[in-house]
Structure formats: structure tokens, C-alpha cells
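Trainee: Dumping the structure here so I can ask a few things about it.
The values are calculated or read from the model by the stated rules, or taken from the named source; none is laboratory data. Since this is a predicted model, take the numbers as computed values, not measurements. Here the Cβ positions follow ideal geometry from the backbone for every residue, glycine too, while neighbour counts run over all protein chains shown.
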Amino acid sequence: MLKPLDPLLHSELRLAIVSILIGVEEADFVYIRTETGATAGNLSVQIDKLQKAEYIEVEKGFRGKMPRTVCRITDKGRKAFADYVDTLRGYLKL
Amino acid sequence: MGSTVSKLDERRSIEIISRMIADTSAHIDRESGKYFLLWGYTTVIVSLFEYVAQVCHLPLPLCLWAWWLIPLVGGVGTLILNRRGTTRPKSYVDRSISAVWMVFGLSFGMAFIAAMVYGANILYLTAMLMGMGTVITGKICQHRVLTIAGKVGMILSLIIPAWHLLMREYGTELRESGIEPIEAILYVEIVIFAAIFTVMMVIPGHVLYNRSKGIKDA
């Protein structure tokens, strides 16, 4: 019997956010928005959900006079992503 | 992906994961390519200008000061690229590469002092050090093109002191032979230096930039 996929990651935008963050130390909100093609509002909502689940951490600050939001994946998020990929492999019999 | 928060099937999940990871990696490659192009082209253009200046007997202060354009243009350009790239993701690879080039920048400073004080061959030392930096960068980001280019650069850098020695040995004879302008032969080491930077930085810079662009456009 296969494990169910983590519902928090099994959504297109949230999975894309975590997939970007998995390979980098940190990524800017603007970069994630450009790469995913999401609207700022929707992206904020999904980032907030991932942050509440402690999959990512968000740091709001300034670069010069411009506000800047930086996202980083947490250890919990990294493990959740690894489990998600393992479960996917089971579904796809890879 | 747009504004949807739709559920997805397993194959689409794999597709998203692969694409996001590949795009982010391509983005990092493209940015690295820009730095190689900046430093590579600056070094090649300034070196060729230096060669022409020496051959055409331009005023000595101009010849000496023109070399400073490399750190000046490269440094200011790097600052501009860093500032422009504030939204790009920062990776562990980025941090390692920055540390490597910081150390090699420092080594170049030491080599420069050695050249000023003891008359060490600065062109050879620069080409050798930058070759080493390129090889390490290639190893860190697993780009064979950089590793090979760096190694080739290191090997080619040996031609510079060889030419220097050759000119010291036969320079007087050449001057007496009446070849004009003699500087065209004496300063060929500057052209070799420019050729090394073309192989070591300009070509791999273009390869990195174009390849990452190809991945992104696909």
C-alpha cells in the first residue's frame, strides 16, 4: 500500500517553490515569482502556508530602500521534500 | 503555473521538480558566465591595447597605467553585476566560488608585490593563478568546459616565461638584425597572455552563458 503524498507539497505552486529552494541557499520573492509565473498575492499565500508548516523560513528586510523578502528551506522542509520524492517514485515505479 | 493552486498528478509533479531545479541551476550558470565574460574580455582588450601601445611607442605612463583598467573595469563591472543580480538565488556553490576568487584575488595582490619588488613575471603569475581559479571553479560547479579551459590556460601560461627567456637570450641579436618595429616581437608575450585569457575565460564564459540560455528557452 502506497503512502499518501504530502498534501502540502502536492500542489503545483507550493511544489515549485520548494523545488526552487531545495537547490539553493536562499531565493528572493521576486525570483520565485518570475520562475513560477505566479501572481504576487497567490505566491504570498502559498509561501505563508509553507512557512506555517515550518517547511520554509521567510526573512523580510530591505536592500537599500527597497523591501526584500528572502525564503530558505528548513530541515523539516528538506525532509518533507525527500519523502515526497520517495513516495512519488513508488507511485511511478521508478 | 500562474495563479492556480491546483492538485496535480504524479508525472506533472516530477516535471515541475525537474524544471524548477534545471531552471535555477541554469540561472546560476548564466550569472557565472557573465563574470567570466566581463573579466575575460576586459583582460583581452586591455592586453591587446598594451601590445599596440608598446609597438607604437605610446607614452610610457599611458602603457603602465592602462593595465590598471583591468581591475578597475572588472571590479566596477562585478559590483554592477552583483547589484543587478540581487534577486537571483544564492546557492552554496555561489558562496564557495566567491571564496575561491577572493583567495585568488589576494594571491594576485601578493604576485603583484612580488613583481614590483623582485621583478617576478606578473603576466605568467596572473595567467597561472587565474587558470587555477578557473579549474577550481569548474570542479565546484561541475563544468568540464571550465575545468579543461583552466588546465589549458595553466599549461599555456608556461609559454610566457619561455618567451621572456628567449627574448632575454636573443633580444640583442634581434635588435641588431634591424627588424622594425622590434617591439612587435619582444612583446609577443602580451599577445600570448591575451590568447590565454581568450581560451580560459572568454570561450568558457560564452559556453556557460549560451548553454544556460538554451536550457531556459527549452
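Trainee: Return the residues of segment A:36-73 that are among the charged types (D, E, K, R), within 11 Å of the chain's Cα centre (by Cα) and not in a helix (DSSP H, G or I); say none if nothing qualifies. Let's see the steps before the verdict.
Mentor: Step one: list which residues in segment A:36-73 are among the charged types (D, E, K, R), which gives A:48-49, A:52, A:54, A:57, A:59-60, A:63, A:65, A:68, A:72.
Now drop any that are not within 11 Å of the chain's Cα centre (by Cα), which leaves A:48-49, A:54, A:57, A:72.
A:E54, A:E57, A:R72 - these are the residues of segment A:36-73 that are among the charged types (D, E, K, R), within 11 Å of the chain's Cα centre (by Cα) and not in a helix (DSSP H, G or I).
Trainee: Is there any pair with a first residue in segment A:49-62 that is closer than 14 Å to A:V30 by Cβ and a second that is among the β-branched types (V, I, T) and outside any strand (DSSP E or B) whose Cβ atoms are under 8 Å apart and which are 6 or more apart or on different chains, and what are they?
Mentor: Qualifying pairs under 8 Å: A:V58/A:I47.
Trainee: In segment B:104-193, which helices (runs of 4 or more DSSP H) lie fully inside it and hold 2 or more residues that are under 30 Å from B:R30 (Cβ atoms) and touching a Leu at 6+ places or on another chain (Cβ under 8 Å)?
Mentor: Values: elements: B:122-140, B:144-157, B:159-176, B:183-186.
Here the list reads B:122-140, B:144-157.
Trainee: Pull up segment A:74-90, narrow it to residues that are of a type in the set (S, T, Y) and within 14 Å of the chain's Cα centre (by Cα), then point me to the one that is surrounded by the fewest Cβ atoms within 10 Å (Cβ to Cβ). Show your work before the answer.
Mentor: The first filter runs over segment A:74-90 and keeps only residues of a type in the set (S, T, Y), leaving A:74, A:84, A:87.
Now narrow it down to the ones that are within 14 Å of the chain's Cα centre (by Cα): A:74, A:84.
Values: A:T74: 16, A:Y84: 20.
Only one residue tops the list, namely A:T74.
Trainee: Go over the candidates B:T4, B:T24, B:T42 one by one and state the one that is in contact with a helix residue (DSSP H, G or I) (Cβ under 8 Å, 6 or more places away or on another chain), modelled with pLDDT of 80 or more and either part of a loop (DSSP other than H, G, I, E, B) or crowded, with 16+ Cβ neighbours inside 10 Å (or both).
Mentor: Values: B:T4 fails: modelled with pLDDT of 80 or more; B:T24 fails: modelled with pLDDT of 80 or more.
Answer to the selection: B:T42.
Trainee: Shifting gears a bit: Have a look at A:I22, A:I47 and point out the one that is surrounded by 19 or more Cβ atoms within 10 Å (Cβ to Cβ) and not small (G, A, S). Break it down stepwise before answering.
Mentor: Numbers: A:I22 fails: surrounded by 19 or more Cβ atoms within 10 Å (Cβ to Cβ).
Being surrounded by 19 or more Cβ atoms within 10 Å (Cβ to Cβ) and not small (G, A, S) holds for just one of A:I22, A:I47, which is A:I47.
Trainee: Tally the residues that are part of a loop (DSSP other than H, G, I, E, B) and either more than 8 Å from chain B (Cβ to nearest Cβ) or touching a Lys or Arg at 6+ places or on another chain (Cβ under 9 Å) (or both), restricting the search to segment A:3-35. Lay out the reasoning, then the answer.
Mentor: Here is the first cut: in segment A:3-35, the ones part of a loop (DSSP other than H, G, I, E, B) are A:3-11, A:23-25.
If we keep only those that are either more than 8 Å from chain B (Cβ to nearest Cβ) or touching a Lys or Arg at 6+ places or on another chain (Cβ under 9 Å) (or both) as well, we get A:3-4, A:6-11, A:24-25.
Number of matching residues: 10.
Trainee: If you don't mind, there's one more thing I want to ask. If only one of B:I136, B:I122, B:I155 is under 16 Å from the mean Cα position of the chain (by Cα) and more than 27 Å from B:Q54 (Cβ to Cβ), which one is it? If you could, list the steps in order and put the result at the bottom.
Mentor: Numbers: B:I122 fails: more than 27 Å from B:Q54 (Cβ to Cβ); B:I155 fails: more than 27 Å from B:Q54 (Cβ to Cβ).
On inspection, the qualifying residue turns out to be B:I136.
Trainee: What number of residues in segment B:10-46 are within 30 Å of A:D6 (Cα to Cα) and hydroxyl-bearing (S, T, Y)?
Mentor: Of the residues in segment B:10-46, the ones within 30 Å of A:D6 (Cα to Cα) are B:10-28.
Narrowing further to those that are hydroxyl-bearing (S, T, Y): B:13, B:18, B:24-25.
The total comes to 4.
Trainee: Now a separate question. Consider B:H57 against the criteria (1) in contact (Cβ under 8 Å) with a residue 60 or more places away in the chain; (2) at negative phi: it satisfies all of them except one. Which criterion is unmet?
Mentor: (2)
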